[in-house]
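Worksheet: one structure, shown below.
The values are calculated or read from the model by the stated rules, or taken from the named source; none is laboratory data. Keep in mind the model is a prediction, meaning the values are calculated, not measured. No Cβ is skipped: glycine too gets one built from the backbone with ideal geometry, and neighbour counts run over all protein chains shown.
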Amino acid sequence: MAAIVSGGALDLAELRKHLAQRLPDYARPRFLRITGELPATSTFKRSKTELQRNGFDPATTNDPIYFDDTARNAFVPLDSALYARIAAGTVRV
């Protein structure tokens, strides 16, 4: 998973194309979380524990989460139905 801070519109198709050109398949994020800001500690270090705790479950956050659907060659919004299929193993990650 990758968390991206974005204050405006983000072209997910262009981002996916950019990642595919520069990263091998195993290094590309399967999940993409768009957030307004990343949590930081009191010493301004990035705090990843909350992001790790939430994982990719869309019920744990208000941030939009996208799944890199290789069958559709696109980042698709992760909803509870898709999350359930991934958790059950019917959609391969």
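Things worth noting here:
- Conditions (1) touching a Ser or Thr at 6+ places or on another chain (Cβ under 7 Å); (2) outside any loop (DSSP other than H, G, I, E, B): number failed by D63: (2)
Yes/no per residue for (1) surrounded by fewer than 12 Cβ atoms within 10 Å (Cβ to Cβ); (2) free of Cβ contacts under 8 Å to residues at least 12 places away in the same chain; (3) touching an Asp or Glu at 6+ places or on another chain (Cβ under 8 Å); (4) farther than 13 Å from P64 by Cα:
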residue: A9; (1), (2), (3), (4): yes, yes, no, no
residue: R22; (1), (2), (3), (4): yes, yes, no, yes
residue: A27; (1), (2), (3), (4): yes, yes, no, yes
residue: I34; (1), (2), (3), (4): no, no, yes, no
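- Positions within segment 66-83 being in contact (Cβ under 8 Å) with a residue 40 or more places away in the chain and part of a loop (DSSP other than H, G, I, E, B), in sequence order: N73, L78
- Residue within segment 12-33 that is of a type in the set (A, V, I, L, M), at pLDDT 90 or above, assigned to a loop (DSSP other than H, G, I, E, B) and touching a helix residue (DSSP H, G or I) at 6+ places or on another chain (Cβ under 6 Å) present: no
- Against the list (1) more than 17 Å from S6 (Cβ to Cβ); (2) surrounded by 15 or more Cβ atoms within 10 Å (Cβ to Cβ), the condition T61 fails is (1).
- Pairs, first at pLDDT 75 or above in segment 38-49, second among the charged types (D, E, K, R), C-beta under 6 Å, six or more apart: L38/R46
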